[in-house]
Amino acid sequence: MNRKNQYALITGATSGIGYELAKLFAGDGYDLVMVSRNHDDLQAKAKEFKSYGINVITMAKNLFTQEDAFSLYSELKLNGISPEILVNDAGQGVYGKFQDTDIHREVDIINLNIVSVIILTKLFLKDRLSKGSGRILNLASIASKAPGPWHSVYHGTKAFILSWSEAIREELKDSGITVTALLPGPTDTDFFNKADMNESKILEDKDNLMSPEEVAMDGYKALMNGEDKVISGLKNKLSVAMTNIATDSMAAHRMGEMQKPVNEK
């Protein structure tokens, strides 16, 4: 199928799940709008993706700030670009007991994981509703399904993303625009390093981590099929099923035991 001039806008597009999603879109002939903070990373990845014979636009934006989320769409409009697909992939966590963690970093994470996501989605919808088509993929997490001691703010942000995604999906059901939530579990990316989470029990057995390629493929298929959400990986499906039948306090205890530091009794 000819995807020429159909753009996929992807945040967090230079590494991890976002990068693997960008590869899938490029392989399918979509043009790309790649968003990341690091200009050099963007240029290197853009060169790679142009080899697919597609157009690649790079936008170095810091989505910890609302201003950069708004300016991203302003610049697209100035250039007459209306992305057909929005992938809200960029997200971070911070590890530790809430009483000990840095509040400024947590506010940044809420801005990145929630505020920038709703700004970009609002602007995408304002642009696409009159056209009657579009697809949105929001990175939730299996963290959205259970309280997360040692990682409480991150779990809270992903619970918001899942609930909100399902709500706006219902609102948009007759619009021609679909909303899909992707729920990965622990994945072999730089996420844990950025979250200062390398001492967590969840990383004791790296073989349990999913590959970003697998997660991206699950998300891509679900998005293209217009599904409401997808939990990536059988182990993660089982984990969510267990959470669903547990009380919130039981789920929080179980998650706390999984996520606490290796040296914690």
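Would you mind computing, in nm to one decimal, how far apart the modelled labels at Ser74 and Glu214 are, each placed 7 Å from Cα along Cα→Cβ?
The answer from the label model is 4.3 nm.
At 1.4 Å probe size, what's the solvent-accessible area of Arg254? Round to the nearest 10 Å².
Spelled out: Arg254, probe radius 1.4 Å, area about 70 Å².
Starting from the amide H of Ser133, placed 1.01 Å from N in the peptide plane, find each other amide H under 5 Å away whose residue is 5 or more places distant or on another chain.
Distant-sequence amide H within range of Ser133: zero hits.
Once Lys and Arg get +1 and Asp and Glu get -1 on their Cβ, which of Ala252, Gly91, Leu137 lies farthest toward the positive end of the dipole of the chain?
Leu137
Which entries in the list Lys47/Lys126; Lys47/Lys145; Lys45/Lys221; Lys126/Lys173 go over 27 Å, if you measure between the two C-alpha atoms of each?
Lys47/Lys126; Lys47/Lys145
Under a GNM of the chain (C-alpha, springs under 10 Å), which listed residue has the highest mean-square fluctuation: Ala60, Ala140, Ala90?
Maximum fluctuation in the GNM of the chain, among the listed residues, is at Ala60.
Which percent of the accessible heavy-atom area of the chain goes to carbon and sulfur, probe 1.4 angstrom?
50
Counting other C-beta atoms within 10 Å, and keeping those with at most 12, which DSSP coil trypsin sites (Lys or Arg not before Pro) do you find in the stretch 1-42?
Sites meeting the loop and neighbour criteria: Lys4.
Determine the dipole magnitude for the chain: charges of +1 sit on the beta-carbon of Lys and Arg, -1 on that of Asp and Glu, nothing else is charged, the reference point is the Cα centre, and the result goes in debye to the nearest 20.
Dipole size: approximately 540 debye.
In nm, give the distance between the simple-model label positions of His104 and Ser249, each being 7 Å from the Cα along the Cα-to-Cβ direction.
3.8
In terms of modelled amide H atoms, which long-range or inter-chain residues lie less than 5 Å from the amide H of Val33?
Ala8, Leu9, Ile10, Ile57
Rounded to the nearest 5, what % of the DSSP beta bridges within the chain are antiparallel ones?
Counting DSSP beta bridges with both partners in the chain, the antiparallel share is about 5 percent.
Amide H of Ala90: which non-local residues (sequence gap of 5 or more, or other chain) have their own amide H closer than 5 Å, using H built in the peptide plane?
It is Thr11, Gly12, by chain and number.
May I ask you to evaluate 6.51 cos²θ - 1.76 cosθ + 1.60, the Karplus curve with θ = phi - 60°, for each residue of the stretch 201-211 and list the ³J(HN,Hα) values in order in whole Hz, giving x for glycine and proline?
Couplings: 4, 5, 9, 4, 10, 5, 5, 7, 6, 6, 8 Hz.
Which of Gly176, Val153, Leu209 sits closest to the plus end of the dipole of the stretch 144-209, meaning its Cα is farthest towards the positive end, when Lys and Arg get +1 and Asp and Glu get -1 on the C-beta?
Result: Gly176.
Suppose every Lys and Arg Cβ carries +1 and every Asp and Glu Cβ carries -1, with no other charges. What dipole size does the stretch 191-265 come out with about its Cα centre, to the nearest 20 debye?
For this selection, approximately 140 debye.
So, for the stretch 1-105, what is the accessible surface per residue at a probe of 1.4 Å, expressed in square angstrom?
Result: 47 Å² per residue.
The values are calculated or read from the model by the stated rules, or taken from the named source; none is laboratory data. Predicted, not measured: the structure shown is a model, and the values here were computed from it. We place every Cβ from the backbone using ideal geometry, glycine too, and count neighbours over all the protein chains shown. Heads up: the accessible areas ignore ligands, DNA and RNA and are worked out on the full protein's heavy atoms, side chains in. Shrake-Rupley method; radii C 1.70, N 1.55, O 1.52, S 1.80 Å.
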